[in-house]
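Notes follow once the structure below has been shown.
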Amino acid sequence: MKKPILVVTSHFIKPVESRIESDYEVRRTTDGILFTRDELLAAAEGADAMLITPFNKLDAEFFRRVSPSVKVISTNSVGFDHIDMHAAAERNIAIGYTPAEVTDATADIAMLLLLGASRRAFEAQELVRSGEWTIQRAGVLLGWQVTGKNLGILGMGRIGQAVAKRARGFGMKIHYSNPHRLPAEKEDDAVFHGDPLELLKVSQFLSLNAPETPTTRYFLNAKTIALLPEHAIIVNTARGGLIKDDDLIEALKSGRVAAAGLDVYEGEPKLNLGYVELKNTFLLPHIGTATIESRTAMGMAALDNIDAVLHGTPAPSLAKADSL
């Protein structure tokens, strides 16, 4: 029996790679460099499916030109803002994603960022690694405790709820804003704010866990930063486009915002170098899902979606245009 043709735009963890090589006729770049759009379109000619990542931007022009043989595209991510969902629907191409497999790993990173930013971990590591550690220099690295502080969570989906669960263990008080209020059994003791601007006013710590949409793009900007309590601390594990970089950098320079912990950036892997120049930033290279367990589960779920569509059975997780 002929194997379906799968275009693969990245390399995955070993168990996922083994399944890809076993179950599909694979097309991918040989040098590991990201496909250009024209290269990706050429690879898709006659292919049955595609396995992509958020670094592959599939816009309306892509879907206008893509081969009619492509029945399903599965993205190895919880977000699908890099895909023009309406254009995909017009071509009747199913879009798979991995909404449940990233939750714990990403929530762990949110807490790492929160603690790293609040306890000035970057500056402390610099002292140790540079050999400049003295009692006097370490003694002035005074951070901010999280115990008893308000954590505002923008976006209370799976990841936001997992962040809240972890933060409660540190004695934090949870506030959140979401398009819909959670059921009482999921809300627990969290305080709901229907207006996200009201959430900002009480958020001594703010965790961004919302998808990037036209509504949330540049949610954090000079005007909204001004609503935060003095010396608030910002954490972002969602999408870089939620933050207007120049405005946050200015607030970090002035001390209006005490610190920021970031794992995602607009235009990544490039980022605004203003963040790099600051001492009060704790920066990670988008590793929210980078655990063996999470990356294995994500890859397998992405392939499950592809297999299901190609075999005409219900897919575990398909994205829809109106979900953005």
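The values are calculated or read from the model by the stated rules, or taken from the named source; none is laboratory data. In this text, all values refer to a predicted model and were calculated from it rather than measured experimentally. Counting neighbours? That spans all protein chains shown, and the Cβs are built from the backbone with ideal geometry, glycine included. These accessible areas exclude ligands, DNA and RNA; they are computed on the full protein's heavy atoms, side chains included. Shrake-Rupley method; radii C 1.70, N 1.55, O 1.52, S 1.80 Å.
Values for this structure:
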| item | result |
| --- | --- |
| Of Thr103, Tyr176, Val163, farthest towards positive along the dipole that unit charges on Lys, Arg, Asp, Glu beta carbons give the stretch 64-178 | Tyr176 |
| Among the listed pairs Lys71/Lys320; Lys57/Lys223; Lys186/Lys253; Lys3/Lys71; Lys149/Lys253, those beyond 26 Å (Cα-Cα) | Lys57/Lys223; Lys186/Lys253 |
| Efficiency of FRET from Cβ geometry, Asp246 and Leu197, R₀ 30 Å, rounded to 0.05 | 0.90 |
| Whether the stretch 104-144 is rounded, prolate or oblate, judged on the alpha carbon gyration tensor where a/c under 1.5 counts as rounded | oblate |
| Expected 222 nm ellipticity per residue - DSSP helices of 4 or more, -39500 (n - 2.57), all of the chain, to 500 | -10500 deg cm²/dmol |
| Whether the stretch 1-99 is rounded, prolate or oblate, judged on the alpha carbon gyration tensor where a/c under 1.5 counts as rounded | rounded |
| Label-point separation, Ser10 to Ala222 (7 Å along Cα→Cβ), nm | 3.5 nm |
| Residues in the stretch 290-318 reached by a label modelled at Met1 [backbone nitrogen below 15 Å; 7 Å Cα→Cβ] | 307-313 |
| Separation in nanometres of the label points that stand 7 Å from Cα toward Cβ, at Leu318 and Ala290 | 3.4 nm |
| For the stretch 1-142: relative contact order, % (alpha-carbon pairs under 8 angstrom, 6 or more apart) | 17 percent |
| GluC sites (Glu not before Pro) within the stretch 29-104: DSSP coil, no more than 16 neighbouring Cβ in 10 Å | Glu45 |
| Check: the stretch 217-261 dipole with +1 on Lys, Arg Cβ and -1 on Asp, Glu Cβ, in debye | 140 debye |
| Lys, Arg +1 and Asp, Glu -1 on Cβ, resulting dipole of the stretch 183-322 about Cα centre, debye, nearest 20 | 380 debye |
| Assigned charges on the beta-carbon of Lys, Arg, Asp, Glu; the chain dipole about Cα centre (debye) | 520 debye |
| Kyte-Doolittle at least 0.0, axis length at least 30 Å by Cα - qualifying DSSP helices, the chain | none |
| Euclidean distance between Cα centres, the stretch 234-281 to the stretch 197-216, Å | 14 Å |
| Positive-pole candidate from Ala89, Val191, Gly46, dipole of the chain, charges at beta carbon | Val191 |
| Carbon + sulfur, % of accessible area of the stretch 120-260 - ligands and nucleic acids excluded, 1.4 Å | 55 percent |
| Relative contact order (%) - criterion: Cα under 8 Å, at least six apart; region: the chain | 19 percent |
| In the stretch 248-315, the trypsin sites (Lys or Arg not before Pro) that fall in loop regions by DSSP, at most 15 other Cβ within 10 Å | Lys270, Lys279 |
| Per residue solvent-accessible surface (Å²) - the chain, probe of 1.4 Å | 49 Å² |
| Given charges at Cβ of Lys, Arg, Asp, Glu: the chain dipole, positive-most of Ile33, Ser203, Ala315 | Ser203 |
| Rounded if a/c under 1.5, otherwise prolate or oblate - the stretch 95-178, Cα gyration tensor axes | oblate |
| Accessible heavy-atom area order of Val202, Val128, highest first, probe of 1.4 Å | Val128, Val202 |
| Relative contact order of the stretch 187-324, pairs being alpha-carbon contacts under 8 Å that are 6 or more residues apart, as % | 18 percent |
| Label-reachable residues, the stretch 171-185, where backbone N falls under 14 Å from a point 7 Å from Thr215's Cα toward its Cβ | 177-182 |
| Val140 versus Asp23: modelled label distance in nm, points set 7 Å from Cα along the beta carbon direction | 5.8 nm |
